[in-house]
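To start, the structure under review is shown below, and the notes come after it.
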Amino acid sequence: MGFTMISAPGAPEPIGPYSPAVRDDASGLIFVSGQTPIDPVSGTLVVGDAAAQARQVFANLGHVLGAAGASMADVVKVNVYLTSMADFAAVNEVYATVFERPYPARTTVAVAELPMGARVEIELVAAPSR
């Protein structure tokens, strides 16, 4: 079983030794690495509340999916990481503008800290039509 790395022009460069996304060669599933609210032009963290950061995260995820020939409509699973559950409602409001019914499966957890001081990180799995 193998996979193909997906490069994502327009998305921030990874800050570590990992691929922005990979496509499983057998299933066609696309696994997108966690994205934080990094502005791809400046390479800096977007300043603002959790909603502003979530909007940038979804923009970054959209660039990665687009590079893989997929879209948010293909997403089947989402993992959301927050540094505070107090941001849950604000991120949910942004989330509801990105996805439509039937919504992807989702997990949301609070974590102690995220890279670069981000408040939100999101990773996902997409299953585009083959």
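Throughout, read-outs are computed from the coordinates displayed, never taken from laboratory work. Everything numeric in this text was worked out from a predicted model, so none of it was measured. Methodologically, a virtual Cβ is constructed for each residue, glycine included, from the backbone with ideal geometry; neighbour enumeration extends over all protein chains shown.
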inquiry  = Please list, in order, the residues from the range 1-15 whose amide nitrogen is less than 11 Å from a point placed 7 Å along the Cα→Cβ vector of A26.
reply    = 1-3
task = Give the angle, between 0 and 90 degrees and rounded to the nearest 10, that separates the Cα long axis of helix 88-98 from the longest principal axis of the Cα atoms of the chain.
result = 40
query = From the list (i) 0.95; (ii) 1.05; (iii) 1.08, can you say which value of Rg/Rh (Cα atoms, Kirkwood Rh) was derived from the structure given?
reply = (i)
Separation of the N92 and A73 label points, Cα + 7 Å toward Cβ, nm = 2.7
